[in-house]
Structure formats: C-alpha cells, structure tokens
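We did not get these values from a lab; they are worked out from the coordinates using the rules stated. As the structure is a prediction and not an experimental result, all values here were calculated from the model. So basically every Cβ, Gly included, is an ideal-geometry build from the backbone, and we count neighbours across all protein chains shown.
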Amino acid sequence: MIGVLQFPGSNCDLDVMRALVDVVKTDAKLIFFKDQDLSGLDGLVIPGGFSYGDHLRAGAIAAKMPVMEEVKAMAKEGKPVLGICNGFQILCDSGLLPGALAKNTSMKFICKWVELGVANDTSAFTNLYAKGETIRMSIAHGEGRYFCDDASLRELQDNDRIAFRYGGSNPNGSLDDIAGVVNREGNVLGLMPHPERASEEILGGEDGRKMFEAMIDYIKSR
Amino acid sequence: MEQDIEIIVKLKEGLLNPEAKTIERSLNLLGYKNVSQFDTERVFLMKVDAPSAKEAEKYADEMCRRILVNPVIEDYTIMVK
C-alpha cells in the first residue's frame with residue numbers, strides 16, 4: 001500500500017492517486033497529515049501543490065509538521081519516499097534531502113514541458129530508465145532553483161545522487177541543471193518535474209510512468 | 001515580560017536575488033542610474049514572553065533554526081528591542 005500525503009494546500013494528490021491506482025494499477029490511499037500513523041504503508045508520495053499557501057518558504061511549514069518524523073522513519077527503514085515539486089521542497093526543508101529550492105531566476109511561475117536527462121539509473125525510482133536517456137515531463141513551479149553549498153554539490157556529483165538534469169535550456173537557474181536528487185541509499189527521491197502529469201499518452205506523454213513502476217518493483221523486491 | 005523581537009532574514013551573500021535585480025533594473029530604467037547593489041530582506045516582528053531579553057533572544061534563535069530560516073540559502077540577525 002502506497003500513501004499519498006495530503007497537507008492543506010496540496011493539489012496534485014488526486015493526480016498522483018490516478019497515476020498509481022488507474023495507470024500502474026497498485027494499491028494507494030490518501031493520508032491526511034494529521035493521521036500521522038504511516039506504519040502500515042510500503043511507500044509514500046508527497047505530491048505537489050502549495051502546502052500552507054507557500055507561506056514563509058515553499059514547503060517550510062509542512063516540513064516541520066509532526067508527520068514528517070514518521071516520514072523520516074519510513075525513509076530510514078528503506079521504504080521508498082517520493083517528493084514531487086512541493087513534495088521535493090518539503091523533503092529538502094525537512095532535511096531528508098540536501099539543498100533548497102529558491103525562487104526561479106526569471107521570478108516567473110513556469111509551467112511547461114521540459115526535457116530531462118537521466119543522470120542516475122540505480123535508485124528505487126530511476127532504475128527503469130537508462131543513464132543518459134532523455135525523457136519529457138512537465139514542470140509547474142515558481143521556486144525550483146535548486147541550490148546547495150559546494151561541498152554538498154560535490155557529494156551529490158561524486159555519489160551519483162543527481163537523478164535528473166534539465167536538458168536544453170535550464171528553466172529556473174538550478175545549480176548544475178539539477179531537476180531531482182536522491183538520498184545516499186537511493187530510496188528517497190525529490191524532483192521538481194511532475195511524473196504523474198506524464199503518465200498517460202492523453203496527458204501529452206508517459207515518460208513519468210516508469211518512475212511509479214520502479215517504485216512498485218522496489219516495494220515487491222524488499 | 002514581553003520582549004519585542006525583530007528578525008531580519010536575507011538570502012546568503014553571493015546567491016542571486018532575482019527580485020532585487022528586477023527592482024534595481026527598473027530603478028535604473030526610471031533614470032536612477034546611480035543605484036547599484038539594491039537588495040531586499042524580510043523582517044519578522046513578534047513579542048516573546050520571557051524573563052529577560054537574553055532568554056527572549058534564545059527563543060528567537062531556536063525558532064530561526066527550527067523553522068523561520070533555511071540555513072542553506074538564508075542568513076538571519078535577531079534584535080531584541
């Protein structure tokens with residue numbers, strides 16, 4: 001059973017549910033952040049949106065809610081945790097992933113399809129892609145400029161922790177064109193692009209589907 | 001005793017502040033060619049009930065480290081008034 005964590009202001013929760021339940025045909029349920037008991041779950045998705053209205057910083061308030069301690073425990077147990085867009089911002093602000101997402105250099109909210117280069121093909125979410133492969137997903141964010149200090153960047157580069165890089169032009173000014181990063185163990189991924197919006201041909205592409213399929217394979221293999 | 005706290009949060013030096021750049025460019029466009037190094041920061045104001053100014057500052061610092069500031073991209077200064 002995969003949980004889809006809802007905070008006040010999450011708005012991609014039902015899109016992720018559709019991708020999981022209807023597209024890749026797995027068991028999933030919505031979890032309201034106040035429920036706090038995540039012990040029965042095999043994996044978790046923190047969907048996109050504007051949790052707490054993006055007040056303070058995007059993802060900052062959700063990142064400090066008590067349920068995040070449960071999410072950290074899940075990650076520590078090796079269960080797969082996926083943060084999409086606002087979910088990525090929440091994972092960074094909670095310390096589960098390094099770095100932060102600052103305002104796009106253009107100051108604009110950018111909503112468009114982008115090309116992504118697969119940089120890591122070994123994590124729980126990326127092992128069905130091939131390293132160097134170019135895939136397409138859509139982005140929709142105002143604060144997606146990935147930033148971290150030099151030591152963290154080297155650590156990410158040296159340990160194959162950059163999952164995806166923007167291909168073509170960098171849309172938001174991210175350091176090293178970073179679109180997504182994984183934790184050291186490869187069971188926590190955060191990315192700004194939306195795989196759930198690229199999981200069916202009718203949406204304009206289905207390159208995101210493999211991410212959910214890889215997550216399911218990983219759960220089965222544990 | 002209620003202590004007035006002011007916290008100033010700003011982007012770390014060297015990190016591009018696109019909002020400040022945009023405002024600076026528009027000031028230059030309006031004819032203020034003598035404006036440079038324009039910057040923006042955020043100010044948080046609050047009252048903290050604590051026995052002393054030092055205690056109040058300690059609470060404020062804890063709040064900054066816990067939620068108000070993201071140390072990856074921001075620096076902060078606390079003032080007890």
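Descriptive notes on the structure:
- C-alpha long axis of helix B:18-29 to longest principal axis of chain B, angle in °: 40
- Label reach from residue A:222 (point 7 Å along Cα→C-beta): in the range A:75-92, amide nitrogens under 18 Å belong to A:75-84, A:91.
- Other protein chain Cβ atoms within 10 Å, averaged over every residue that makes up A:56-66: 2
- In terms of other Cβ atoms within 10 Å, A:81, A:181 run from fewest to most in the order A:181, A:81.
- The calculated 222 nm mean residue ellipticity attributable to helices in chain A amounts to -6000 deg cm²/dmol, summing -39500 (n - 2.57) over DSSP H runs of n ≥ 4 and dividing by all residues.
- Within the range B:1-53, trypsin sites (Lys or Arg not before Pro) in DSSP loop having at most 12 other beta-carbon neighbours inside 10 Å: B:33
- Relative contact order computed over chain A (Cα-Cα under 8 Å; 6+ residues apart), in percent: 20
- Listed from fewest to most Cβ neighbours within 10 Å, the set A:148, A:85 follows the order A:148, A:85.
- The slack in the chain from residue A:134 to residue A:1, taken as 0.36 nm per residue of separation less the alpha-carbon distance, amounts to 44.9 nm.
- Violating pairs (Cα-Cα greater than 25 angstrom) within the set A:108/B:21; B:12/B:58; A:112/A:210; A:103/A:131; A:29/A:79: A:103/A:131
- Loop trypsin sites (Lys or Arg not before Pro), the range A:107-160 (other Cβ atoms within 10 Å of the site Cβ: 15 or fewer; DSSP): A:108, A:131
- Shape box of the protein assembly as shown [Cα atoms, principal axes, largest first, Å]: 58, 50, 35
- Exposed-loop-free span, longest in chain A, where GluC sites (Glu not before Pro) count as exposed if DSSP calls them loop and at most 15 other C-beta atoms lie within 10 Å: A:1-76
- Net +/- balance of residues flanking residue A:137 in space, Cβ distance below 13 Å, scoring K and R +1, D and E -1: -1
- Counting every alpha-carbon pair across the range A:38-196, the share separated by more than 28 Å comes to 12%.
- The Cα atoms of chain B give a gyration tensor whose axes a ≥ b ≥ c have a/c of 1.5 or more with a/b greater than b/c, which makes the shape prolate.
- Averaged over the residues of A:136-149, the number of partner chain Cβ atoms lying within 10 Å of the residue Cβ comes to 1.
- The residues neighbouring residue A:54, those whose beta-carbon lies less than 12 Å from its own, together hold a net charge of 0 under the Lys/Arg +1, Asp/Glu -1 convention.
- Label-point separation, residue B:81 to residue B:30 (7 Å along Cα→Cβ), nm: 2.6
- Within 10 Å of each Cβ in A:99-105, the average number of Cβ atoms from other chains: 5
- Reachable aspartates and glutamates, given that their alpha-carbon falls under 13 Å from the alpha-carbon of residue A:34 and they are not under 8 places away in the same chain: A:69, A:70
- Spin-label pair residue B:23/residue B:37, simplified geometry with 7 Å Cα→Cβ offset, distance in nm: 1.6
- Annotation for the range B:30-81: chymotrypsin sites (Phe, Trp or Tyr not before Pro) lying in DSSP loop with at most 14 further Cβ atoms inside 10 Å of their Cβ are B:32.
- Exposure proxy for A:218, A:146: other Cβ atoms within 10 Å of each Cβ, ordered fewest to most, give A:218, A:146.
- Candidate aspartates and glutamates for bridging to residue A:64, where Cα separation is under 12 Å - those fewer than 8 sequence places away on the same chain excluded: A:93
- Estimated 222 nm signal from helices in chain B, with DSSP H stretches of n ≥ 4 weighted -39500 (n - 2.57), rounded to 500: -8500 deg cm²/dmol
- Förster radius 22 Å - calculated FRET efficiency between residue A:18 and residue A:110 (Cβ-Cβ, nearest 0.05): 0.40
- Gyration tensor (alpha-carbon) shape descriptor, the range A:1-96, a/c threshold 1.5: oblate
- Surrounding net charge for residue B:55, when Lys and Arg each add one and Asp and Glu each subtract one, Cβ distance under 13 Å: -3
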